[in-house]
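Everything below concerns the one structure shown next.
The values are calculated or read from the model by the stated rules, or taken from the named source; none is laboratory data. Since this is a predicted model, take the numbers as computed values, not measurements. Methodologically, a virtual Cβ is constructed for each residue, glycine included, from the backbone with ideal geometry; neighbour enumeration extends over all protein chains shown. Heads up: the accessible areas ignore ligands, DNA and RNA and are worked out on the full protein's heavy atoms, side chains in. Shrake-Rupley method; radii C 1.70, N 1.55, O 1.52, S 1.80 Å.
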Amino acid sequence: ITILIYQEPGIACPAVGLHKFELNLASAANVAMWRGSFKDAMIGSRKSSAIYFETTRPIVKFTNLAIPCTMQNQTLTFLVSGASLADVCMGEFCQYAAFTTSDNSGACPGGLIRTA
């Protein structure tokens, strides 16, 4: 699964850049089903093993991204054996949020990704 991350300077990209990307997996049952199956995350050509599944919300987090605003059109790629983004998000769209900090206090533009 590959997601293109584009940070628009001055709107979605404050000077600090992107540190965390979250996907809403729609249900706790879906999180339980996919927990541990996301592998080999890459930010551009840099490997990232920082993938966390929340236990209280249906969220998977990709953390420690450290994508500065000057790096546009970065890809977030990860493997989910035998599944597509539509399978993981259970539908035609997947809700996301992007954070400028590693916690939930930073700027957080969100939206929908078409899965098909």
Could we say that Gly82 is modelled with pLDDT of 80 or more and not in a strand (DSSP E or B) here? no
Pick from segment 20-64, criterion in contact with a Cys (Cβ under 9 Å, 6 or more places away or on another chain) and assigned to a loop (DSSP other than H, G, I, E, B), ranking: most open to solvent (accessible area, probe 1.4 Å): Ala26
Looking only at residues that are surrounded by 17 or more Cβ atoms within 10 Å (Cβ to Cβ) and under 14 Å from His19 (Cα atoms) in segment 65-95, which one is farthest from the chain's Cα centre (by Cα)? Cys69
